[in-house]
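The values are calculated or read from the model by the stated rules, or taken from the named source; none is laboratory data. What you are looking at is a predicted structure, and each value in this text was computed from that prediction instead of being measured. Every residue, glycine as well, gets a Cβ built from its backbone with ideal geometry; the counts of neighbours run over all protein chains shown. Only protein heavy atoms, including side chains, enter the accessible area calculation; ligands, DNA and RNA are left aside. Shrake-Rupley method; radii C 1.70, N 1.55, O 1.52, S 1.80 Å.
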Amino acid sequence: MDDPEHARLRRMVTAPFAVKKVEVIRAGEGLILANDLGNRDPAVFQDPGRLDLTRDARRHVAFGFGVHQCRGQSLARLELQVVYGTLYRRIPTLRLATDLDAVPFKHDGSVYGVYELPVIW
């Protein structure tokens, strides 16, 4: 992470709670949440730092988790299914125009992604 100060969410604990039943975080203590690591757990995803469009990612937390789920997640998932299905059907030769190593990934914000994704067909 180039700038961890701006890429993390800072929160203050209002009531004590245990993390994995081992460490207790007390009220008033601060936390820095690495929200960009939510889908990069090697215990859940094999080689999580590698872009793999064929990966079985049904356990991702991109739309939140538990009581903090996005209300629009069902609509967003449906839209993505329609968009990607239509895109690949209409342009079956669509592919990267550069090596994956040359794709500029975002590491300086609270949302992980790419700055641009050059494609050809």
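Within 25 Å of ASP99 (Cβ to Cβ), within 13 Å of the chain's Cα centre (by Cα) and open to solvent by 80 Å² or more (accessible area, probe 1.4 Å): which single residue out of ARG50, ARG59 fits that description?
None of the others qualify; the one that does is ARG50.
Looking at the range 63-78, which of its residues are open to solvent by 70 Å² or more (accessible area, probe 1.4 Å) and in a loop (DSSP other than H, G, I, E, B)?
Within the range 63-78, PHE65, VAL67, HIS68, GLN69, ARG71 qualify.
Test ALA34 against the stated conditions and say whether it is closer than 19 Å to LEU117 by Cβ, surrounded by 12 or more Cβ atoms within 10 Å (Cβ to Cβ) and touching a residue at least 24 places away in the same chain (Cβ under 8 Å).
no
So ARG89 passes all but one of these: (1) at pLDDT below 85; (2) over 26 Å from PRO104 (Cα atoms). Which condition number does it fail?
(1)
So, of the residues in the range 84-121 that are acidic (Asp, Glu) and in a loop (DSSP other than H, G, I, E, B), which turns out to be least open to solvent (accessible area, probe 1.4 Å)?
Residue satisfying both the conditions and the ranking: ASP108.
Return the residues of the range 18-62 that are in a loop (DSSP other than H, G, I, E, B) and in contact with a Leu (Cβ under 7 Å, 6 or more places away or on another chain); say none if nothing qualifies.
Residue satisfying the conditions is LEU51 alone.
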